[in-house]
Each structure stands twice: as structure tokens, then as C-alpha cells.
């Protein structure tokens, strides 16, 4: 009970912030656009890039020869018959409806993809089983772009798994558009090989009274930078953003969330939890929540917790809450980063449980509230097994 | 038949202010079938003794020996000590979020017994022991100690004692924070454990009240890092009346 909630100066630059960080300008004023040329080439000093190791982006942010695609991802959909899967060209006017890219790499992906996949579920249709979309990377040293859109018509209900595997460099945008009263559950798994670089923006647009549970699980890759943005098209939306990440030696895992409350009576609830171990393991969590003046009755809470399993890992955690109206239900955030709690380890070991098992129990327990909410049992079991494997990689 | 021998045990703790010796030569032998009450004023080192026996990393044993049936306990890891037959009921049990009590108990029993208990028998065994301690069954699915009241935590420590059946149990201020009813329930479970198992108990306490429920064979007064005096229950009666003044030079009651 001694250290789990403490921050450690050496490892955590900004882990525990008491008050909301005031950004230089409103989050709502940040530039977005579909055209990559409308964005300046970032230097790495910009607020939205300052945590990202730019050299490891393989030039994705720079333009020129580096951004010419050299490969393709393989996208396969295993879905029940209620689902419609289309491959469409850039001209399809449904594309881009959920929002414009918010950084140069996302815009590069938007400007570069040649075909997009639209997965849709009709009105008042409930999927008989989860749809699984597997994206396999272009392969080592190859670059690909992608665009995927998930559409739920009014009162549709769907559970979806987006499973990323393989190697190479991949930049993409994923849109999630839900109609009135629709309910979407999605789990995006980044289970890349060690060499992979993945930069992705998820654009969520919720219709009136619709509910989205969006879960991100990032385990693999050399660098993963995933930016989920949630917007409400009408009142009454409810979004839950959950995340689980496990950064090993040398891995950079960055999750940048933005919830834009511009409609009244919407809810957002964010819970991201990460474990880190090994030299150079680095996680970044940015949680931006903007409650605009029109968004009366908003209820929002965001939480990020990080568990440092070894001394050499580093977690950055920055919650930002901007509130433009006082007429809200609630708004809060919490962030805590701590070392592995030796008291927990001692307690479990004092009951005969060996150290490796005790560590596994504690880490599983740490992730339990996320894993427990993944309602695809096969996926949950697979992820539990993968987390156990990650733990075995600790040098003990 | 088990024997725990503590010989001239010295232990210290390192804090920001430096290293401080807390145990200053403890000698004690506990055999199975015996209940030893270790009574001492605040800050005398009673809890340190229990942690040193269990192997808490914060306390460094600087000299002396702890032997369980002749085996050197101090060379064992924390979990090895437990598997060898030592148990510590902690004064402040630790919360482990996300790990259910049932998963924890089964993991512990599997480790201590050397094999996973058969599921059906295990469920029955846990249910019976929980009932004896008046622990509602829903606690099995709650996270280990998380959000438990002080009394609920202590009951669960004794639940673990009953399930893990150690050779030597150290109960560190198990009575603190228990109301009269809870003290009775917990004491009954401890008495049942000692009656049904060939085990020895070190009952660490500040107050005499638990000794009305659990009869010690030997009473030790612990002061300034060592055992200052040993005797029978008459020693507890004396403490009840006069407190620890004789040992610490100032008034400190041993009775509520």
C-alpha cells in the first residue's frame, strides 16, 4: 500500500496532475483537414508531436519519397450475414463524414489511400455474432495506407473486433458512424510484430441517443500512435473509451484521446490502463475533453493509470479538461502512475504464491476492469494469455 | 510436531533518517500445540518480529537465526517460508485490486498444498470456513481486501489461516479493530484451528482482551526489541493491572 499511487520523479514527467492543464489555445480550435499539404511538416516540438520519437516515424510526417506507398495491407472480414462489406473508391461520398484528420500523418493517410472498406449494419439489425476485421501489415520495410468505415444505421447493434497483425508501416483512418439509438461495441487490437509502425486516427461520430464502447488494446509494434476522437452529432450519446496497453523494452505506445462535447446531455467515460517494463519502454496518454458551451448536461470522467514494472520504463500521462459551461452533470479526471507495489507482492508471496505467479495475479488484477469489459470471450482469453506472455519476458 | 526457534535475532529497518535497529536479540521457541502471547507496548518491535519471520523485504536481519524444524528460514524466500509452514496474519492486510478472493485463496492453497485442491471439495471447504467466520459468501468474488472494513480484513486473515493450516502461525494484532462480537468469532476460529491441527501460535497483541478468548500457554512481554520477561497467564493479569510502566518507564495501559 505504499507506492502504487505515488509518482516517481525519474520516470514520470507529468504523471500526476492535480489541476487540468490549460493548453495554449482551446482544443476545439486545433486545425484539422483532409489534405496533407494543408499541414505543415512537424518538427517534433509541437504540442501534438512532442512525445513522439519522430525519427522512428520512418518519414511518415515529412512527405516526399518516404511517404510513397510500397505495399498493401490485407484486410479480411469474418462477419455474420447481417453485415454488408463494400470496397469503394475515394470518390464515395460517405467517406470522411465522421471527421477530418487531426494531424499530418492522418491527413497523409487520408490523402494516400486508393480504396476504402465500408462495413455497414442496417437499421434495427442486431448482429448474430461479432464481426472480426483482420488487418495484416504490408510486411517488413513496406509502407501502406488504409481507410475503413464502420456504419451503424439507426437502432442497429453490433460488436466488432479490429485486429491488427503483421509487420511494416501502416497509417490509416477508421471512421465509426452510429445512427440514432445504435449500439456499437468495438475492440481494436494492435498486436503487431516488433518492427511495425502504426499511426492511426479513429473518428467516432455518435448519433442521437447512441452508445459506443470503444476499446483499444495495444501490445505489439515498435511505435503505435493511435488517436481516437469522439464527437456527438446529436444529444443523448454515450461513449465509453477503454484502453489497455503493455509496453516492453523499446516500444513506444501513444494514445491520444479527444472527446468533443458540443451537444447537450451526452456522456463520455474514459479508462486507460497501461503496464510498462524494460529499457526504453515508453507510453504516452493524452486525454483531451472539451465541453463546449452548448453541451449542457454533459457527464464526463477520464482515468489513466500506469504500472511501471521496471525502473527503466517511462509513462507520460496528460489529462486536459476544458469546460465552457457550468451547466454540466459532472466532469473529472484522474491520472496516476506507480511502481509495482511490493506490499502486494509480499502479501501474495506470504501465502505461498511464488513471485512470478504473484506478479501475474497483480498485473491481471490491474487490467481486470478493462479485460472484464471485453465481451468477446475468445478475444478476452487470447489477450489474457498474451499479457501473461508479456510478463514472462520480464528479466527475473 | 513442529518447532520454530528464534535465536538472538537482530533486525533493522532503513528509512530516510537512516538505519535503525529494532530487534535487539530475540530468543523464543514455539512448538506445535503451544500458544505464546507476545505482549508489548507500541513501538516495541512486535510487528517487526512478525515481519522478520515472514521475510518482509523492508526489514533486514543483521544477525541471529530463525529455524523451522532445524531448517534455516532466513535463507528462504517469502513464499518458500509460507510453503514450509509459516503463516503471518497481518495487522494491515494488503488490498490487491482486480484479484478475486476466491482466485487468491485457491492460488494460495495450491501453492501451500503442492497441488490444486479438487474443485468441488474446495468450494465446500471454503464455504464452511467462511460460514464459521460469519463472512457472507459474496466476499469470495470481491477483490482481495479491497474496500473491506478493518474487521472484515481480520476475518479474512483467519480464513486463510484455517485454509492454509500452517505449522506455526504468527497473528499480528489480529484483535485490533475488532468489536466484541467479531473478536469472539475470530477467537473461536483460532481456537478451532489450534485444537484441530498440530500447530503453534504466536499471538502478538498490545491488549489483554483477546487473552480472555484465546488462552496462552506462555506470556512474553516484549519491550525495546527483545523479550523482557516470560511467564504464565499471571503475567498477563499483572499487565492488565499495571500496564507496561515497568518495562517502558512510563504509563501505557495493557487493558482497554
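Remark: A:301, B:51 ranked as A:301, B:51, counting other beta-carbon atoms within 10 Å and listing the fewest first. Note on residue B:69/residue A:87: beta-carbon distance plugged into 1/(1 + (r/R0)^6) with R0 of 51 Å gives a FRET efficiency of 0.10.
Please compute the contact order of the range A:87-194 in relative form: average sequence separation of alpha-carbon pairs under 8 Å and at least six residues apart, divided by the residue count, as a percent. Don't skip to the answer; put the middle values down first.
Values: 249 pairs, mean separation 30.9, N = 108.
This gives 29 percent for the range A:87-194.
Compared with the dominant Cα axis of chain B, that is its longest principal axis, helix B:150-164 is turned about 70°.
Ranked by how many other Cβ atoms sit within 10 Å of their own Cβ, fewest first, the residues A:231, A:27, B:81 fall in the order A:27, A:231, B:81.
Rg and Dmax of the range B:3-248, both derived from C-alpha coordinates alone, stand at 17.6, 54 Å. Which FRET efficiency value, to the nearest 0.05, do you get for residue B:29 and residue A:378 by plugging their Cβ-Cβ distance into 1/(1 + (r/R0)^6) with R0 = 41 Å? So the FRET efficiency works out to roughly 0.15. Counting only DSSP beta bridges whose two residues both lie in the protein assembly as shown, roughly 20 percent are antiparallel.
In the protein assembly as shown, the convex hull through the Cα atoms has an average projected area of 32.0 nm², a quarter of its surface area. When the helices of chain A are scored as -39500 (n - 2.57) per DSSP H run of n ≥ 4 and the total is divided over every residue, the value at 222 nm lands at -4000 deg cm²/dmol. The Cα-based radius of gyration of the range A:131-218, divided by its Kirkwood radius, gives an Rg/Rh of 1.03.
Test of understanding: what is the full-extension gain from residue A:141 to residue A:327, defined as 0.36 nm times their sequence separation minus their Cα-Cα distance?
Working: separation 186, 0.36 × 186 = 66.96 nm, distance 5.16 nm.
Additional length available on full extension: 61.8 nm.
Look at where the Cα atoms of the range A:334-396 and of the range B:156-191 average out, and the two centres are 29 Å apart.
Please give the Cα centre distance for the range B:41-81 versus the range A:34-76, rounded to the nearest Å. With the range B:41-81 and the range A:34-76 each reduced to a Cα centre, they are spaced 57 Å. In degrees from 0 to 90, rounded to the nearest 10, what is the angle of the helix B:101-113 Cα long axis to the longest principal axis of chain B? Between helix and principal axis, roughly 70 degrees.
If you take each beta carbon of peptide B:93-103 and count the beta carbons of other chains within 10 angstrom, what is the mean?
Details: counts 2, 11, 6, 11, 8, 13, 11, 3, 0, 0, 3.
Whole-number average of other-chain Cβ neighbours for B:93-103 is 6.
Taking each residue in A:353-362, count the Cβ atoms of any other chain within 10 Å of its Cβ, then average. What number comes out? Don't skip to the answer; put the middle values down first.
On the way: counts 10, 8, 3, 0, 4, 7, 0, 2, 8, 5.
Mean shielding count: 5.
Expressed per residue, the C-alpha convex hull volume of the range A:27-340 stands at 117 Å³. A simple packing score, the average count of other Cβ atoms within 10 Å per residue, orders the peptides B:208-216, A:36-44 as B:208-216, A:36-44, with the highest score first. Under 18 Å from a label point 7 Å along Cα→Cβ of residue B:252: give me every residue in the range B:220-237 with its amide N that close. Those under the cut-off are B:220-230, B:236-237. Any idea what log10 I(q)/I(0) is at q = 0.10, 0.13, 0.19, 0.22 Å⁻¹ for the range A:190-297, Debye with uniform C-alpha scatterers and no solvent? Values returned for q = 0.10, 0.13, 0.19, 0.22 Å⁻¹ are -0.32, -0.50, -0.86, -1.04. Here B:121, A:329 are placed in order of increasing Cβ neighbour count within 10 Å, fewest first, which gives B:121, A:329. For chain B, the longest principal axis of the Cα atoms and the long axis of helix B:119-132 meet at an angle of about 50 degrees. With R₀ fixed at 35 Å, the C-beta to C-beta distance from residue A:78 to residue A:123 puts the FRET efficiency at about 0.90.
Every read-out reported here was derived from the displayed coordinates using simple, explicitly stated rules and does not represent laboratory data. Quick caveat, the model's predicted, so the values are computed rather than measured. Please note: Cβ atoms are built from the backbone with ideal geometry, for glycine as well, and neighbour counts cover all protein chains shown.
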